[in-house]
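Everything on this sheet refers to the single structure shown next.
The values are calculated or read from the model by the stated rules, or taken from the named source; none is laboratory data. A quick note: this is a predicted structure, and the numbers were derived from the prediction, not measured. Here the Cβ is made from the backbone with ideal geometry for all residues, glycine too, and neighbour counts use every protein chain on show. Side chains included, ligands, DNA and RNA excluded: accessible areas come from the protein's heavy atoms. Shrake-Rupley method; radii C 1.70, N 1.55, O 1.52, S 1.80 Å.
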Amino acid sequence: MKQKRALITGITGQDGSYLAEFLLKKRYKVYGLVRPASTDPLMRIERLSLDRMIKIIYGDMRDNNSIIRALEESRPDEIYNLGAQSQVGVSFQCPEETMEVNYNGFGRLVSEATHLNPQVRIYQASSSEMFGNVLETPQKETTPFNPVSPYAESKVKAHNDYVVEYRKRHNFFICAGILFNHESPRRGRNFVTRKITHSMVKIKLGLQDSFELGNLDAKRDWGYAKDYVEAMWLMLQQKTPQDFVISTGESHSVRDFVNATANALDMKITWHGKGLKEVAKDSSGKIILRINPKYYRPNEVNSVLGDSSRAKKVLKWEPKVTFDELVEIITKADLESLGGVIGIHKDYA
Ligand code: NAP
Ligand code: F7E
């Protein structure tokens, strides 16, 4: 059988790296669009042991010529568009950049890719943030979008114009996964989960005294990134292109995530005060967590909860890792890498 070829944008990110590994195991020839940067992106990929197996093509979602070159070189059967300005908080400060990469960048990719090969299959990374100030709970494929951030606006426009409309008008194989938050040891530390695990591991090891967060009451449906990349692939193996919600069906607050991390580290913490004065203390009474309003967003998605029963029925996809297991996986990985730094054995926990 002919070896399948995949082009992944955003291959240096959390999902891109797991997806590349997943596709390599399935014997795909994998190409990755990598932004030219002053910090060596190869270093990050080498760390993931992918360097010799994936083919890097330098390019940027903002640069049409680089997209054409990437498509001509990779001649993909499948394209996974994961490249994005993915930080919701940052999108309030850089709305134009966010729209340029997430919306116009995807538009360029879709238009050039389908022009070169009308049979190509394209996956778009849509997001639960598109449900925003939710109009229905739980959220499923038919729930109306109600975005509240520039990030969510860019993803809704990309979804409506280049997934739904393009597919309807031209009959191309383009589909979107509406993925709820998914995390891993490879999650950037600017996202709340890794920020919590990394900070609390440092506190546990005596490398840091305390840390700060914003809204502790926000609730998210958190799953494991490795489970979620399989769903992306499954969507492109269907007979017809369809969009799917991918989620765990459980929602937890940021405060719950802190408590679960404390459990994973065998730390006893207690909560005191309310609102901006709320703090968490360790068993000796020392404050380890404070609220800093600078981490609040101008507009917040207070609570999301996904219903992925359609994915279960059609794709036969289900999440494998529970919330507590997820927190433990990330916390242990941080403990291992930070413990290694100061010579603590990896089984310290
Ligand atoms: P991530 O770790 O932030 O990775 C984003 C990737 O996009 C990185 O490889 C980054 O490259 C690349 N990128 C950024 N700007 C680019 C540009 N102008 N041109 C080309 N590449 C660019 O994100 P992730 O968590 O893996 O998420 C993958 C995708 O799923 C994103 O589209 C995100 O919006 C979406 N999504 C994520 C979640 C989630 O919970 N993780 C949920 C729903 C949807 P650098 O390494 O050079 O920065
Ligand atoms: O925030 C609250 C924050 O930045 C989660 C992206 O992958 O998932 C991700 O977006 C919650 C928010 O993720 C801090 O206000 C409190 O309510 O980890 P996050 P996100 O915004 O949900 C969606 C599905 C995507 O598509 C995105 O690409 O945590 N929070 N204190 C904080 N958040 C951060 N980052 N930092 C804090 O100090």
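Some notes on this structure:
- Degrees between helix 323-341 axis and first principal axis of the chain (Cα, 0 to 90, nearest 10): 80 degrees
- Against the chain, whose longest principal axis comes from its Cα atoms, helix 225-236 is set at around 20 degrees.
- In the structure shown, the pairs LYS168/LYS239; LYS155/LYS219; LYS195/LYS274; LYS140/LYS332; LYS55/LYS168; LYS25/LYS55 are assessed against 27 Å; a Cα-Cα span above that value is assigned to LYS140/LYS332; LYS55/LYS168.
- Accessible surface of the chain, 1.4 Å probe, proportion on carbon and sulfur as whole %: 47 percent
- For the chain, with +1 on Lys and Arg beta carbons and -1 on Asp and Glu, the positive-most of ASN64, ASN215, ASN292 along the dipole: ASN64
- Cα-based helix-to-principal-axis angle, 14-25 vs the chain, degrees rounded to 10: 60 degrees
- In segment 153-240, the trypsin sites (Lys or Arg not before Pro) that fall in loop regions by DSSP, at most 15 other Cβ within 10 Å: ARG189, LYS239
- The residues of the chain expose, per residue, 47 Å² of accessible area to a 1.4 Å probe.
- Estimated dipole of the chain in Debye, rounded to 20 [Cβ of Lys and Arg +1, of Asp and Glu -1, Cα centre]: 600 debye
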